[in-house]
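The values are calculated or read from the model by the stated rules, or taken from the named source; none is laboratory data. Since this is a predicted model, take the numbers as computed values, not measurements. Glycine also receives a Cβ, built like all others from the backbone with ideal geometry; neighbour counts cover every protein chain displayed.
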């Protein structure tokens, strides 16, 4: 568990709490799915990933739509989204940033330094 690339470590009085990248990615995805105008996530290769949480195969692909950089002080998240046609992209992106920061900080206690939103596609449905 000493690998800082996979776990965010929070030193506590009684020991340390280690939160994996996968957990942080899942929290970010959960938050983004609630944002109006976001229609899905994309892999870094530009493939659309729909119904992220519906089966185990897709659950392993969640991290591909979320890139996480961890430092001692804070987290930087990159999210690759698709936006539903007709929604103002800057507004959707800003709402996604706020939702992710709020959810990740509330659920993990980790500080989020930045959330970079990458809109890779617009969906018509």
Scanning region 75-125 residue by residue, those in contact with a strand residue (DSSP E or B) (Cβ under 8 Å, 6 or more places away or on another chain), in contact (Cβ under 8 Å) with a residue 60 or more places away in the chain and either exposed (fewer than 13 other Cβ atoms within 10 Å of the Cβ) or not in a strand (DSSP E or B) (or both) turn out to be 96, 100, 104, 108, 109, 110, 125
(message) Just to be sure before I move on: is residue 115 modelled with pLDDT of 95 or more and touching a helix residue (DSSP H, G or I) at 6+ places or on another chain (Cβ under 9 Å) in the structure I sent?
(response) yes
State whether one or more residues within region 49-65 are in contact with a strand residue (DSSP E or B) (Cβ under 6 Å, 6 or more places away or on another chain) and at pLDDT 85 or above. yes
When residue 35 is run through (1) part of a loop (DSSP other than H, G, I, E, B); (2) at pLDDT 95 or above; (3) surrounded by fewer than 16 Cβ atoms within 10 Å (Cβ to Cβ), the failure sits at (3)
